[in-house]
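For reference, the structure discussed in these notes is given below.
The values are calculated or read from the model by the stated rules, or taken from the named source; none is laboratory data. Because the structure is a prediction, the values reported are computed rather than measured. Because the Cβ atoms are built from the backbone with ideal geometry, glycine has one as well, and the counts that use them run over all protein chains shown. When the accessible area is computed, the model is the full protein with side chains, heavy atoms only, and any ligands, DNA or RNA have been set aside. Shrake-Rupley method; radii C 1.70, N 1.55, O 1.52, S 1.80 Å.
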Amino acid sequence: MTQTGGSLTLEQLLDEGLANSKSDFQTEVLTAARESGEISEADWKEGNNLRLQCLQEKGFDAELLYEGAEVYLQTDADPGAASPDEGDSELQAADLDCYEKTSAFINEAYSLINGGQSSVDPDEMQRAVLQCLIDRELVPADTTYEEFVADLEQNEGKQYSPQSTEANDPVAACWMENS
């Protein structure tokens, strides 16, 4: 495969995944995928089930929704949180932690292999999300890409990340439309 339009090839995605793997499971699945060019549906679903189990162990109620070669996690905010924002922030942090050590890179590679879609370059996707947020007046028009990324990386994305998985969340809609 070759790189076109800022998209990652399967080889690049697998290399990045192996370089950033946070579990033996990820390493095993991604290594096998590099050798075979495939990720089995069983491995893909196991990675997502491990993510779900991780979230449940952290006290969050969640379920998996599969749509073709894509998987979505539907969650409820922590009912014990002092405020809705606190619950969302805790959920996002927990989900990111669980995702990074279970199904990260596996989901993207599985989708690329089985969905027939090219993987979107993360930088390109984040720029598109920022533009969507600006166009819909959800963030100030003078928000720079650097400020956006800094918030995502250092501030748990409180300002710019989806607050729910609901379709009526305008921030979530920008992420879904551009990922």
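Table for the structure above
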read-out	value
Test set (1) of a type outside the set (Asp, Glu); (2) surrounded by 12 or more Cβ atoms within 10 Å (Cβ to Cβ); (3) modelled with pLDDT under 90 - Leu50 fails condition number	(3)
Matching option when the condition is of a type outside the set (S, T, N, Q) and at positive phi, among Gly68, Gly47, Gly17	Gly68
Single unsatisfied condition, Phe60 versus (1) farther than 12 Å from Ile106 by Cα; (2) modelled with pLDDT of 90 or more; (3) assigned to a helix (DSSP H, G or I)	(3)
Filtered residues of segment 75-111 (kept if at pLDDT below 90, assigned to a loop (DSSP other than H, G, I, E, B) and not aliphatic (A, V, I, L, M))	Asp76, Asp78, Pro79, Gly80, Ser83
Any hit, segment 113-129, residues being of a type in the set (A, V, I, L, M), open to solvent by less than 40 Å² (accessible area, probe 1.4 Å) and at pLDDT 80 or above	yes
So Leu138, is it at pLDDT 80 or above, in a loop (DSSP other than H, G, I, E, B) and surrounded by 15 or more Cβ atoms within 10 Å (Cβ to Cβ)	yes
Residue in segment 39-53 that is closer than 14 Å to Tyr99 by Cβ and over 17 Å from the mean Cα position of the chain (by Cα) present	no
